[in-house]
Amino acid sequence: MLKIIEPLPSIRPFLLIPLIFFAGCSQEQAAMSGFPTPTVSVVTLKTEPVTLKRELPGRTRAFTIAEVRPQVTGIVRERLFVEGSHVKAGDALYQLDDATYRAAYNSAKASLARAEALVEVSRLNAERAEELIKTNAVSKQEYQNLVAARSEAEANVNVAKAELASAKVQLDYARIRSPIDGVTGRSTVTKGALVTADQASLLTTVQQLDPMYVDVSQSASELLQLRRDLSASAIQEAEKIPVTILLEDGSHFAHEGELKFSDVTVDPATGSVALRILVPNPEHELLPGLFVRAVVSTAIIEDGLLVPQQGITRNARGQATAMVVADDGTVEMRIVKVSDTLDGNWLVRDGLAAGDQVIVEGLQKIMPGANVIVTNLTNP
């Protein structure tokens, strides 16, 4: 019997798979070739003066602090101020029992009066002897003795005046006064307490709160780099540029300060250098010991380049990069060097130049060498 052998049906689908695969690839490539050119937004860089700023942490300190201590020994008879009140220099703070010092003052005053009376007697005796010696009524020796007695009496007057002045100083010290204008602190003694001259413990403090100091610290490495840039004439030192004070809650203090002092010694524990800022404080909003941050202007770059932060990325090596539109409309990746952030912008030190078009929007749609359409030309 003749059998007709037909092609196996199971082979035909496998023969069709490569045809379908290659047909699909060709369709995908055709679709890709039809994608529109990506559109990106750029900023055109330009040089401009840039003020370098550092935000440094610090604490406030009173402009003047007076620690009030007694200069004589005595019992506190009365406290003459309200704690936390404003006082003027010379205002009385405490009154000590001054009976002993007043008695010494009165004694010294009486001694001066007696010495002055003896001067008058010796003066009259000397004048009388001066007339009598002309007629040899008194001896020359007696005359000289009377003149010497007059000089001694005059010297005794000076001694008595000095003792009276010393007694008055002691009496005045019994009334303890504020040495400066300022705000008083808490009193450590009460009425009836015994205080002694030059004791270690203070009675109270008086602090001048207007103006105020703000003590901050700057990294020694930043300071060294700043000095290198200044010596290389890359930047110029900022002079009389206000310092902005930020309070603990992030708000701006109403008054701007001025940098007054920069230390020359590096703290070995922190590797930083101390700076001191003077800030007006007429409303006494700043209190001693308050934590603040100071935005300090350190230098000015005359031809600085600023790039928005979204235009700078990092590669796998951690290097800062920027995507730039070349003259032929393609994307070029640049390795750049950035240093500071200023108001949402990076300060670029190397890798870019004025006139470069840096891509800031559409970065996720491009890669180096791709053609792009540039829109939204803006400046940083």
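The values are calculated or read from the model by the stated rules, or taken from the named source; none is laboratory data. As the structure is a computational prediction, the values presented were derived from the model and not from experiment. FYI the Cβ positions are ideal-geometry reconstructions off the backbone, even for glycines, and counts take in every protein chain you see.
Which of the residues belonging to the range 254-271 are part of a strand (DSSP E or B), out of contact with any helix residue (DSSP H, G or I) (no Cβ under 6 Å at 6 or more places or on another chain) and not charged (D, E, K, R)?
The answer is Gly257, Leu259, Phe261, Ser262, Val264, Thr265.
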>> Looking at the range 339-354 only, could you name the residues that are buried (at least 20 other Cβ atoms within 10 Å of the Cβ) and either touching an Asp or Glu at 6+ places or on another chain (Cβ under 9 Å) or among the small types (Gly, Ala, Ser) (or both)?
In response: Trp346
>> Val292 - would you say it is more than 19 Å from Leu363 (Cα to Cα) and either touching a residue at least 24 places away in the same chain (Cβ under 8 Å) or of a type in the set (Val, Ile, Thr) (or both)?
In response: yes
> Restricting the first residue to the range 128-149 and requiring it to be free of Cβ contacts under 8 Å to residues at least 60 places away in the same chain and under 23 Å from Glu116 (Cβ atoms), which pairs with a second residue that is among the polar types (S, T, N, Q) and assigned to a helix (DSSP H, G or I) meet a Cβ separation below 6 Å and a spacing of at least six or different chains?
Replying inline: Leu146/Asn125; Ala149/Ser122
> Which of (1) over 15 Å from Arg54 (Cβ atoms); (2) part of a strand (DSSP E or B) does Leu286 not meet, given it meets every other one?
Replying inline: (2)
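Look at Val325 and say whether it is crowded, with 17+ Cβ neighbours inside 10 Å and under 29 Å from Lys46 (Cβ atoms). Working first, answer last.
Working: crowded, with 17+ Cβ neighbours inside 10 Å: yes; under 29 Å from Lys46 (Cβ atoms): yes.
Taking the combined requirement at face value, the residue satisfies it.
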> From the set of residues in the range 237-291 that are among the polar types (S, T, N, Q) and more than 17 Å from Val216 (Cα to Cα), which is farthest from the chain's Cα centre (by Cα)?
Replying inline: Ser251
>> Tell me the residue from Leu80, Leu112, Leu56, Leu118 that is in the same structural domain as Ile300 (by TED's automatic domain parsing) and not hydroxyl-bearing (Ser, Thr, Tyr), please.
In response: Leu56
